[in-house]
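The block underneath contains the structure these notes are about, expressed in structure tokens.
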Amino acid sequence: MMETWYALVNHLLPFAWTQHTFMKNALLAVLLVSPLFAIMGTMVVNNRMAFFSDTIGHSALTGIAIGVLLGFQDPLWIMVIFSVLLALAISVLKTLTNASTDTTIGAVSATMVALGIVILSRGGGFNKFSRFLVGDLLSINPDEVLLLAFTLAGVVILWGVMFNKFLLVSVNPSLAHSRGIPVRLIDTLFCITTAVIVTISIQWVGILIINSLLILPAAAARNISRNMRQYHVASLLITFTSGIAGLLMSYYWSTATGATIVLFAALFYLGTLLIKPRFA
Amino acid sequence: MSKVSVIQKTYKESCGLCHTKLKNFGVTIGRTEILRDIDLHIQCGELTALVGPNGAGKTTLLKAILGEIRHTGELSFLDAGDCRRNPVVGYVPQRLDFDPGSPVSVLDLFSACLSSWPVCLGHSRRRRERVSAGLASVQAEHLLDRRLGDLSGGELQRVLLAMALEPNPDLLLLDEPVSGIDVQGKEIFYDLVSNLRRQYDLSIILVSHDWSLVSNYADRIVLLDRTVQRCGTPQEIFSDERILRTYGPAISEDTEQTFLKPRLIPNGGVRA
């Protein structure tokens, strides 16, 4: 399957940067991560859950730490399980306590980062985990690309079935409830989906910037759209453009790919902010 | 005339819910008892107004009927043959708390309620027409493509009312639907509501602080303060000295002008 992709890239994009197999893999990864983050991000922003996804990202450190403690070479599945449990815990905390959600989430976030750092830095060996902080998209291998493809397919199917319910809950939970939607269940499902996607993508995008990649395109798209369709089209265009531009520029500048992509997304955000009055 | 009665008849037959019964109904949140010992019997085609001071538990009662808050006691919806069934309940909240910057159009929100086709993929012409027809019933079809955050308070309430009427509800709950809206907007809204009740033969429970409007439009007033203090026609309520004394001059001030106004709904709706 990857052979077809390599041949296609050689045929369509006969440039210097596409000569490397790792760039072809990374390009495919960008093409998969972009729509994934575009459609997730729009809903995260709609739900005012930017801080939640940030916390899930940061808590990945503790997930990695637990994986390492349990002696796993590749801690991905431990990280996913851990972040799902954490998402459930936050969602329960939200309903149990009347305290403002951002205080609760902030407390969880800080604790998880500290715990992760403490465990991982035992014996001074933190450096080998720094790849999780910055992320390394260029190191992605075909199996991992396949995982991304399955994740994207899963999210597209989930959206096809549940999008309207997610949307109604995000607009107003009481209204959604009166339409017979099990609000708490939908809310929890969305939290879990966010947790899984953020955690799966984290080793390629990086803990420090993953949330920006999720939030910035959606925030930019929001500035220039008046309905859900425009919102999604704009968000997709922005993630694709900044994803491909970021990948290319990181190649020429020898910079970290994830961060370069985020910078392009930030440019879009600034640009749309300037033209926002025309769309109001 | 004959046309109207035909319409009434079809809707009358489609409405199987004949009464909503609350028996020994109560709500306790944490250790606070908010409502207790409520016995209410709401007939089809009736507009029941819930009035009472702030904190009397009016909104709580609606939310408990909706199932959003847990309640004690019995809540049953019975149709003509006294069979229990699940009714369609429409709800217009007091104030829709939403993010005004969100790029959700009226069409998006409405369609999301009606079907499971993801609204981010756009709308078919048929759905557009259906939503437009729904909005037309509350004179709001021009709002179809507006962003939710760009609507005025009155416009938003009318859109929410249109949504609550799709699909045809058996029971419509209105929680201070027009608080903070100007007099003209209020009258448009209440005229719509009382027309709907006559057309569709649905039961309406309306929470309101506006005594004069309530007395014009309601068939029955329920005075709620932790429990049902009094229940009767507007005339009965306003002529009760004890209520006037307890619930203050606000009521007595309104009563005089109330009785001068013509009552718009003399027939009390259609009974099945």
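Every number here is computed from the coordinates shown, using simple stated rules; none is lab data. What you see is a predicted model; the values in this text were computed from it and never measured. Here the Cβ positions follow ideal geometry from the backbone for every residue, glycine too, while neighbour counts run over all protein chains shown.
Judged by the mean number of other Cβ atoms found within 10 Å, the most tightly packed of the peptides A:189-195, A:172-178, A:150-156 leads the ranking A:189-195, A:172-178, A:150-156. Projecting label points 7 angstrom from Cα along Cα→Cβ for B:Arg128 and A:Arg184 puts them 4.1 nm apart.
Partner shielding of A:218-231 amounts to 5, given as the average count of beta-carbon atoms from other chains within 10 Å of each residue beta-carbon. Cβ crowding within 10 Å ranks B:Asp240, B:Asp37 as B:Asp37, B:Asp240, fewest other Cβ atoms first. Applying a length cut-off of 24 Å (Cα extent along the axis) and a mean Kyte-Doolittle floor of 0.0 to the DSSP H helices of chain A leaves A:21-46, A:50-69, A:76-96, A:101-120, A:142-171, A:183-205, A:228-253, A:257-279. Projected label points at A:Phe279 and A:Phe22, each 7 Å from Cα along the beta carbon direction, are separated by 3.6 nanometres.
With a cut-off of 14 Å between beta carbons, the residues surrounding B:Gln139 carry a summed charge of -3, where Lys and Arg count +1 and Asp and Glu -1. Extending 7 Å from the Cα toward the beta-carbon at both B:Arg242 and B:Gln184 defines two label points whose distance is 4.4 nm. For the segment A:157-167, counting C-beta atoms of other chains within 10 Å of every residue's C-beta and taking the mean gives 4.
Averaged across B:143-151, how many Cβ atoms of other chains sit within 10 Å of each residue's Cβ atom? It would help to have the intermediate numbers written out before the result.
Numbers: counts 0, 0, 2, 2, 5, 3, 2, 2, 0.
Taking the mean over all residues of the peptide, I get 2.
Would you kindly give the portion of the calculated P(r) for chain A that falls above 36 Å, as a percent of all Cα pairs? For chain A, the fraction of Cα-Cα distances above 36 Å is 15 percent. With contacts taken as Cα pairs under 8 Å at a separation of at least 6 residues, the stretch B:97-166 carries a relative contact order of 42 percent. The packing ranking, built from the mean of other Cβ atoms within 10 Å per residue, places the peptides A:248-258, A:34-44, A:68-78 in the order A:34-44, A:248-258, A:68-78, highest first.
The convex hull around the C-alpha trace of the protein assembly as shown, projected and averaged over every direction, spans 31.0 square nanometres.
Between B:Leu224 and B:Val51, B:Gly52, B:Gln229, the built amide H atoms are under 5 Å apart, and every one of these is 5 or more places off in sequence or on another chain.
Under the 0.36 nm per residue contour assumption, what length would be gained going from the current alpha-carbon distance of A:Leu147 and A:Ala7 to full extension? Can you show the working numbers first?
Details: separation 140, 0.36 × 140 = 50.40 nm, distance 2.10 nm.
Using 0.36 nm per residue and subtracting the Cα-Cα distance, I get 48.3 nm.
Below 8 Å, C-alpha to C-alpha, sequence gap of six or more: please give me the relative contact order for chain A in percent. If you can, show how the numbers build up before the last one.
Working: 358 pairs, mean separation 80.6, N = 280.
It rounds to 29 percent for chain A.
Here, P(r) means the percent of Cα pairs in each 10 Å bin from 0 to the largest distance; for the stretch A:201-277 it is 22, 49, 24, 5. Oblate is the label for the stretch B:97-166. Its Cα gyration tensor axes, ordered a ≥ b ≥ c, give a/c of at least 1.5 and b/c at or above a/b. Judged by the mean number of other Cβ atoms found within 10 Å, the most tightly packed of the peptides B:51-58, A:230-237, A:117-124 leads the ranking A:230-237, B:51-58, A:117-124.
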